[in-house]
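Asks: Please read through the structure below; I'll follow up with questions.
The values are calculated or read from the model by the stated rules, or taken from the named source; none is laboratory data. Quick caveat: nothing in here was measured; it's all calculated off a predicted structure. Neighbour counts are summed over all protein chains in view; Cβ atoms, including those assigned to glycine, are modelled from backbone coordinates with ideal geometry. Heads up: the accessible areas ignore ligands, DNA and RNA and are worked out on the full protein's heavy atoms, side chains in. Shrake-Rupley method; radii C 1.70, N 1.55, O 1.52, S 1.80 Å.
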Amino acid sequence: MKVDIQDILYNVEKPARYLGNEINSIHKEIDEKTIRYAFCFPDVYEIGMSHLGMQIMYHLLNSKDNIFCERVFAPALDMEEQMRKNKIPLFGLESRQALDKFDFIGFTLQYELSYTNILNMLDMANIPLYSSERKSRDPIIMVGGPCAYNPEPIADFVDIVILGEGEEVTLELMELYEQEKKLNYSKEAFLEKAALIRGVYVPSLYKVSYTEEGCISEFKPLKDSIPTQIKKRIIHDLDNVYYPEALIVPYLDVVHNRIMLEIFRGCMRGCRFCQAGMIYRPVREKSVDKLTELTKKLIDSTGYEEISLASLSTSDFTQLEEIVRHLIDTYSKDKVGISLPSLRLDNFSLEIIKEIQKVRKTGLTFAPEAGSQRLRDVINKGLTEEDLVNAVEKAFASGWSNVKLYFMMGLPTETDIDLLGIKQMAQKVLEVFKNTPKEVRAKSINVTVSTSTFVPKPFTPFQWEPQISQEEISRRQALLSDELKIKNVKYNYHDSQTSFLEAIFARGDRRLSKVLEAAYRLGCKFDGWGEHFNYSKWMEAFESVNLDPDFYIRKRSYEEILPWDHISVGVTKKFLIKENERAKEEKLTENCRKSCSACGINQNFTGGVC
């Protein structure tokens, strides 16, 4: 049955979030053969519509005649109130039909603090929270994305976890489902067959045991036919994998309202704190010819006036100058601008930024990550103060006036001396601006320094390290706040309580599902939003299920069975241990293009640098 929402839209702040008929959205006729897939983003429309993965999977699934993929976002609080008041279940934007009528509901896990939103969305759809409580007629709940590499905290709520890049494996699942539906369909039989597909993890087919201390003692499949280790999936050839030639153009402004042109996947750098740099290996690039072809089609189909070259480290793209020059030469006459996120200080090209500023000058963002050279070596950042000086010299001489510097706080072995190095770097930037000739520099300078708290993540060399206490985080933030009271410098920092929770769920186990449910029942949702986050309710949830949150941020031994040890991303634990030891010795490891560090990825995957 179609949901009638017209009347309640007059009572919400942004009704355009819920219309579902934007330019390039897709609508299909539905019959008994249609496989219905809801792509759910557990946050509001403006954030979800900025997610490139959603655009790719939405258009990929809808390119198949027998699949209808619709979008679902977490309703804002005003819309949720209206929907619950009027007994309107959560629905797909395109058809406005209730989610319990769908075959699959897939959530993307981009951030640990979105987990309560997943429970809220299931509840709003009248779907039981726990997989064990759902019947064969209920939709199959899937998750994927970066946080899915340790899905254990939400494993009890989901039926299927997709590990790795989803284009091929999701279609394989849809094909299997179509075949099973033609037979005498059994959800249990389907899940057992799905578990044999590489990149598919079915949590209900595994049993976890714990020691008296709360550590994992054993993790094993319930049947001999189920694999003991689940390997991620990757796309080997980015030129031939599906990429949309049209993007949905929203009616209202969203976080990233532009063309997102993916230029490569993976990262060659090996920063020891960075999960993305490990889980997305190996590096694979798109060709300039393919990017040129896609750009024309995307501009023609959307009318956007900005192109963002998307990757983990854009300036590491081997053909960056060539593609930027092409885009400028071809589209500058139409005032189409180029943005380059993820620039590295050590290969910051003056020529490229001069090309970009011909159309539109934006702020520059750099991420030194640590204030001292010693600590940058510990984390294997591979940057020097000289790199920063050279980069801002070029930028200021080209007229830039806004510089953002990102750092992490609480990194392993960090001291106050390292922290004060952040102040010294900010002062150095101001000094470089002052020394830039007045005839070429801007009239004024703005330097924004931001610090986030280190969160140890799975599949990184620092996955065994503790997170510093909230009291220590607050002390260090106060220290920097005092030291950075400098003219033309602004200091921002991340809330310590949300970082604490992020660290808990990043390295958590299945027992946390009870905490999530308890927190949700207490009213927790939109926990990544400062105005909605309620720390006391979270602590009440932990207490109600008798779990100590500090247990999850502690230092771990190399011998301990980690909640994600049954998952393989290709990078070996042996390599991660070696890198952790090199960090203690303050030794650098060269990037993948200079020297193979034997991370293990080329034993399981090929392509790109490997």
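Asks: Could you order LYS187, LYS223 by accessible surface area, starting with the largest, using a probe radius of 1.4 Å? Don't skip to the answer; put the middle values down first.
Replies: Working: LYS187 10, LYS223 95 Å².
Sorted descending by solvent-accessible area, the residues read LYS223, LYS187.
Asks: How big is the antiparallel share of DSSP beta bridges in the chain, given as a percent to the nearest 5? Write down the numbers at each step before the final one.
Replies: Details: 13 of 58 bridges.
Of those bridges, close to 20 percent are antiparallel.
Asks: Of LYS297/LYS335; LYS457/LYS578; LYS135/LYS514; LYS193/LYS231, which sit over 19 Å apart, Cα to Cα? Don't skip to the answer; put the middle values down first.
Replies: Working: LYS297/LYS335 17 Å; LYS457/LYS578 17 Å; LYS135/LYS514 21 Å; LYS193/LYS231 16 Å.
Where the Cα-Cα span goes over 19 Å, the pairs concerned are LYS135/LYS514.
Asks: Relative to the Cα centre, what is the charge dipole magnitude of region 1-68, using +1 at the beta carbon of each Lys and Arg, -1 at the beta carbon of each Asp and Glu, and rounding to the nearest 20 debye? Before the final figure, lay out the partial values.
Replies: Values: 7 positive and 10 negative charges, 37 e Å.
It works out to roughly 180 debye.
Asks: From the protein chains alone at 1.4 Å, what is the descending order of accessible area for SER209, SER225, largest first?
Replies: Working: SER209 30, SER225 75 Å².
Putting SER209, SER225 in descending order of accessible area: SER225, SER209.
Asks: Answer with one residue from SER313, ILE299, VAL249: the one whose Cα lies farthest towards the positive end of the charge dipole of region 212-328, charges on Cβ with Lys, Arg +1 and Asp, Glu -1.
Replies: Sorting the options by dipole projection puts first SER313.
Asks: Accessible area of ASP565, 1.4 Å probe, to the nearest 10 Å²?
Replies: That residue has around 50 Å² of solvent-accessible surface.
Asks: When you count, for each residue, the other Cβ atoms within 10 Å and take the mean per peptide, how do 530-536, 301-307 rank with the highest first? Present the calculation step by step, with values, prior to reporting the outcome.
Replies: Values: 530-536: 12.4, 301-307: 16.9.
My ranking of the peptides, most packed first, is 301-307, 530-536.
Asks: Something else: In debye to the nearest 20, how big a dipole does the chain give about its Cα centre with +1 on each Lys and Arg Cβ and -1 on each Asp and Glu Cβ? Present the calculation step by step, with values, prior to reporting the outcome.
Replies: Values: 80 positive and 90 negative charges, 179 e Å.
Around 860 debye, computed over the chain.
Asks: Counting only helical runs of four or more DSSP H residues, what would the 222 nm mean residue ellipticity of the chain come to if each run contributes -39,500 (n - 2.57) and the total is spread over all its residues?
Replies: On the way: 20 runs with 201 residues, N = 610.
Per the formula, -9500 deg cm²/dmol.
Asks: Let me check I've understood the local charge: for ARG84, count other residues with C-beta under 12 angstrom from its C-beta, Lys and Arg +1, Asp and Glu -1. What total comes out?
Replies: Numbers: positive: LYS85, LYS87; negative: ASP78, GLU80, GLU81, ASP123.
Surrounding charge for ARG84 is -2.
Asks: Normalised by the number of residues in the chain, what is the relative contact order in percent for Cα pairs under 8 Å and 6+ residues apart? Each step should come with its number before you reach the end.
Replies: Details: 1116 pairs, mean separation 85.5, N = 610.
Reported as a whole number, the value is 14 percent.
Asks: Not counting ligands, DNA or RNA, and with a 1.4 Å probe, what is LYS297's accessible surface area in Å² rounded to the nearest 10?
Replies: Rounded to the nearest 10, the figure is 70 Å².
Asks: Further question on the same structure: Where the centroid of each part is defined by its Cα atoms, how far is region 43-69 from region 110-167 in Å?
Replies: Using only Cα atoms, the two centres lie 17 Å from each other.
Asks: Please list ARG269, ARG521 from largest to smallest accessible area, probe radius 1.4 Å, with all protein chains kept in place.
Replies: Values: ARG269 35, ARG521 145 Å².
Output order, biggest surface exposure first: ARG521, ARG269.
Asks: Right, next: Answer rounded, prolate or oblate for region 18-167, using the Cα gyration tensor with square roots of eigenvalues a ≥ b ≥ c: rounded when a/c is under 1.5, else prolate when a/b is larger than b/c, else oblate.
Replies: It is rounded, given that a/c, with a ≥ b ≥ c, falls under 1.5.
Asks: On the principal axes of its Cα set, how long, how wide and how thick is region 219-277? Give whole Å, largest value first.
Replies: 50, 30, 27
Asks: For a test of the definition: using alpha carbon positions, the gyration tensor, and the 1.5 limit on a/c, classify region 464-597 as rounded, prolate or oblate.
Replies: Values: a/c = 2.23, a/b = 1.15, b/c = 1.93.
It is oblate, given that a/c is not under 1.5 and a/b is not larger than b/c.
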